């Protein structure tokens, strides 16, 4: 009888266009490291980098997790870096006056996010906030 999607008398009844990569792609460790490094460059969204390379964002996030846990090695120059901490002391803060504590501000900028902490804060609470910021990246 022939192909039911084509009838010589009626013409083409249906055409399917399949795009994308068929099957699983194999990525070398070097390619993964290069793409992960690109995803850490400032001002670019992970989903943009993933689309550019034909990946799903979840796959790229998985590779980033592998880098953080040491299962995927990257060149040390490609790893995200942090800015040094700059501490300023004031004589009012050193005196221990309550108003000086209210003026104390810690500001941390990371990957386009800014965390500002005013006043005195417990180290454990600050650690929880920074952990949440790190996960949100």
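The values are calculated or read from the model by the stated rules, or taken from the named source; none is laboratory data. What you see is a predicted model; the values in this text were computed from it and never measured. Glycine also receives a Cβ, built like all others from the backbone with ideal geometry; neighbour counts cover every protein chain displayed.
Among the residues that make up the stretch 50-69, is at least one of them assigned to a loop (DSSP other than H, G, I, E, B), closer than 30 Å to residue 26 by Cβ and at pLDDT below 75? For the stretch 50-69, residues assigned to a loop (DSSP other than H, G, I, E, B), closer than 30 Å to residue 26 by Cβ and at pLDDT below 75: absent. May I ask you to verify whether residue 130 is under 30 Å from the mean Cα position of the chain (by Cα) and at pLDDT below 75? No; evaluated as a whole, the condition is false for this residue.
Of all residues assigned to the stretch 83-99, none qualifies as being in a helix (DSSP H, G or I) and either at pLDDT 75 or above or closer than 17 Å to residue 33 by Cβ (or both). Taking into account only those residues within the stretch 1-37 that are part of a helix (DSSP H, G or I) and at pLDDT 90 or above, which is surrounded by the most Cβ atoms within 10 Å (Cβ to Cβ)? Among those residues, the one meeting the criterion is 36. Looking only at residues of the stretch 43-61 that are under 10 Å from the mean Cα position of the chain (by Cα) and loosely packed, with under 13 Cβ neighbours inside 10 Å, we find that the one that is farthest from residue 135 (Cα to Cα) is 44.
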